[in-house]
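Worksheet: one structure, shown below.
The values are calculated or read from the model by the stated rules, or taken from the named source; none is laboratory data. Computed from a prediction, not measured in an experiment: that's the story for all the values here. A quick note on method: Cβ atoms are made from the backbone with ideal geometry, for glycine too, and the neighbour counts reach across all protein chains shown.
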Amino acid sequence: MTEETIFSKIIRKEIPADIVYEDGLVTAFRDINPQAPTHILIIPNKLIPTVNDVKPEDELVLGRLFVVAAKIAVEEGIAESGYRLIINCNKDGGQEVFHLHMHILGGRKLGPMLSS
Ligand code: DGP
């Protein structure tokens with residue numbers, strides 16, 4: 001069953017978030033618990049719980065995640081220094097919110113890709 005998460009409320013502006021970008025397909029906002037100077041989440045406006053739920057018809061919105069990530073990286077001044085994009089999936093992947101989201105992290109030298 002597909003259940004809405006807090007991210008749907010952020011998209012609908014029912015709860016506050018520091019939104020840095022939005023269009024008809026995706027919304028991007030600053031993570032509430034930033035792990036780096038820039039830590040922004042980019043999410044499809046459509047509820048896709050996990051990567052496992054991705055369908056061929058989602059290609060446009062998923063491509064938009066990358067287009068917006070590149071735009072945000074420029075705006076945040078981290079495009080040249082570099083950054084990391086992360087999409088967690090399910091328990092072993094560390095996913096906490098079941099509304100697919102891309103993390104964009106940068107603004108400092110990031111540690112090894114996996115800490116454990
Ligand atoms: P993940 O572990 O990949 O599911 O990451 C979920 C992220 O969502 C985590 O870094 C914290 C962030 N987050 C959770 N709830 C909220 C919220 O209400 N507002 C914002 N801005 N971020 C949230």
Unmet criterion (only one of (1) part of a loop (DSSP other than H, G, I, E, B); (2) under 13 Å from the mean Cα position of the chain (by Cα)) for GLN35: (2)
Residue list for region 19-32, restricted to those being under 13 Å from the mean Cα position of the chain (by Cα), farther than 11 Å from VAL68 by Cα and not aromatic (Phe, Trp, Tyr): ILE19, ARG30, ASP31, ILE32
Whichever residue in region 1-22 is within 8 Å of the ligand (Cβ to nearest atom), hydrophobic (A, V, I, L, M, F, W, C) and closer than 20 Å to ILE104 by Cα and, among such residues, is surrounded by the fewest Cβ atoms within 10 Å (Cβ to Cβ): ILE6
Residues being within 15 Å of the ligand (Cβ to nearest atom) and surrounded by 16 or more Cβ atoms within 10 Å (Cβ to Cβ) - total across region 90-108: 10
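If I go through region 46-94 residue by residue, how many of them are in a loop (DSSP other than H, G, I, E, B) and without any contact (Cβ under 8 Å) to a residue 40 or more places away in the chain?
At the first step, the residues of region 46-94 found to be in a loop (DSSP other than H, G, I, E, B) are 46-50, 54-55, 77-82, 87-89, 94.
This time we only want the ones that are without any contact (Cβ under 8 Å) to a residue 40 or more places away in the chain, so: 46, 55, 77, 79-82, 87-89, 94.
Of the residues in region 46-94, 11 are in a loop (DSSP other than H, G, I, E, B) and without any contact (Cβ under 8 Å) to a residue 40 or more places away in the chain.
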Count of residues meeting criterion [under 19 Å from GLN95 (Cβ atoms) and either touching a residue at least 60 places away in the same chain (Cβ under 8 Å) or in a strand (DSSP E or B) (or both)] in region 5-22: 4
Top-ranked residue in region 79-89 [being within 16 Å of the chain's Cα centre (by Cα) and closer than 20 Å to GLY111 by Cα; ranked as farthest from the ligand (Cβ to nearest atom)]: TYR83
Filter result for VAL97 (at pLDDT 95 or above, not in a loop (DSSP other than H, G, I, E, B) and not aromatic (Phe, Trp, Tyr)): no
Pick from region 23-45, criterion surrounded by fewer than 16 Cβ atoms within 10 Å (Cβ to Cβ) and without any contact (Cβ under 8 Å) to a residue 40 or more places away in the chain, ranking: nearest to LEU110 (Cα to Cα): PRO34
